[in-house]
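Participant: Before we start, here is the structure in question, set down as structure tokens.
The values are calculated or read from the model by the stated rules, or taken from the named source; none is laboratory data. Treat the numbers as computed from the prediction; the structure is a model and nothing was measured. As a convention, Cβ positions derive from the backbone with ideal geometry for all residues, glycine included, and neighbour counts pool all protein chains shown.
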Amino acid sequence: MSGIEFLCPPDMIGKIPEPAPAAKFLPEWFRDLEREMDMKDAHGLPGLTVRACLPVADVMAQGWIIPTPVDIWTVMDATTGALEFRWAEGAPLIPIDAHHPDQIGAQFPPFEGAQPLKLMNPWRVKLPPGWSASFLHPINHFELPFTAFNGTVDCDALDVPVNVPFLWTSQRGAVRMPAGTPMVQVIPFERAAQMREGIVRAETSKEGAERSTAHNRKHNEESIYARQWRRRHEKQRDA
């Protein structure tokens, strides 16, 4: 095994949306945004939107997205006003289950009165020995009507799928999440490669000068990040 694997029950394969690289799930608000504004910035360069921000695009493209397996929609009970979740009869799995409110201390802030839920994930994530994965709310997917709790799992040892605890955040009474909606972002990492030690100090005068030079270049040279700072050491190595 040399990479990540996503395993689902045989009777579901081909019947539910499959995980795919996160770059294929960039949110519509981001894809539809123009790269440039019709104005100059304070330094005379073209005014750019977040669509031109490579760090934002790069983080959204990290890892994989596991999508919702079936259509899920909400309705408001006409009598009680309570929110209810629905899915098609005969769906290959029950897509939502509940957690007990006390599991998040819902009697106290910041979750006072909240009902924690979980999206049921049919996909088991399998990784090589020494690898874990962070399961994150799909990064910068602000359009989603829920907020997932984040977690890290040793997927080289766990033999069951990781479900997705979440809070429903939409204020609308009727919401539809079609099958294939981003559900969770999975970013694998090798545990041995993690930095566990660090140094906190004041920068030297040389480093201060480097900061000043970089600051000036950032605001006065167009596309400097893409040309010289993005993956700079990889470019130097491959040159």
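Participant: List the pairs whose first member sits in the stretch 63-92 and is free of Cβ contacts under 8 Å to residues at least 12 places away in the same chain and among the charged types (D, E, K, R), whose second member is in a loop (DSSP other than H, G, I, E, B) and exposed (fewer than 15 other Cβ atoms within 10 Å of the Cβ), and whose Cβ atoms are under 6 Å apart, counting only residues at least 6 apart or on separate chains?
Facilitator: GLU84/ASP77
Participant: Taking the stretch 210-226, which residues are without any contact (Cβ under 8 Å) to a residue 60 or more places away in the chain, out of contact with any helix residue (DSSP H, G or I) (no Cβ under 8 Å at 6 or more places or on another chain), exposed (fewer than 13 other Cβ atoms within 10 Å of the Cβ) and closer than 18 Å to GLY47 by Cα?
Facilitator: Those that are without any contact (Cβ under 8 Å) to a residue 60 or more places away in the chain, out of contact with any helix residue (DSSP H, G or I) (no Cβ under 8 Å at 6 or more places or on another chain), exposed (fewer than 13 other Cβ atoms within 10 Å of the Cβ) and closer than 18 Å to GLY47 by Cα: HIS215, ASN216.
Participant: For the stretch 30-54, enumerate the residues that are touching a residue at least 40 places away in the same chain (Cβ under 8 Å) and either of a type in the set (Ser, Thr, Tyr) or in a helix (DSSP H, G or I) (or both).
Facilitator: Hits for the stretch 30-54 are PHE30, LEU54.
Participant: Next question, about the same structure. Looking at (1) touching a residue at least 40 places away in the same chain (Cβ under 8 Å); (2) assigned to a loop (DSSP other than H, G, I, E, B); (3) of a type outside the set (A, V, I, L, M, F, W, C), can you tell me which one PRO109 breaks?
Facilitator: PRO109 satisfies every listed condition except (1).
Participant: Here is a follow-up. Condition first: farther than 30 Å from ARG172 by Cα, not basic (Lys, Arg) and not in a loop (DSSP other than H, G, I, E, B). Can you find one or more residues in the stretch 85-98 that meet it?
Facilitator: No; the residues of the stretch 85-98 include none that is farther than 30 Å from ARG172 by Cα, not basic (Lys, Arg) and not in a loop (DSSP other than H, G, I, E, B).
Participant: While we're on this one: Within the group VAL162, VAL153, VAL125, which residue is in contact with a Cys (Cβ under 7 Å, 6 or more places away or on another chain) and more than 16 Å from ILE72 (Cβ to Cβ)?
Facilitator: Among VAL162, VAL153, VAL125, only VAL125 is in contact with a Cys (Cβ under 7 Å, 6 or more places away or on another chain) and more than 16 Å from ILE72 (Cβ to Cβ).
Participant: Among the candidates GLY130, GLY113, single out the residue that is at positive phi and at pLDDT below 95.
Facilitator: None of the others qualify; the one that does is GLY113.
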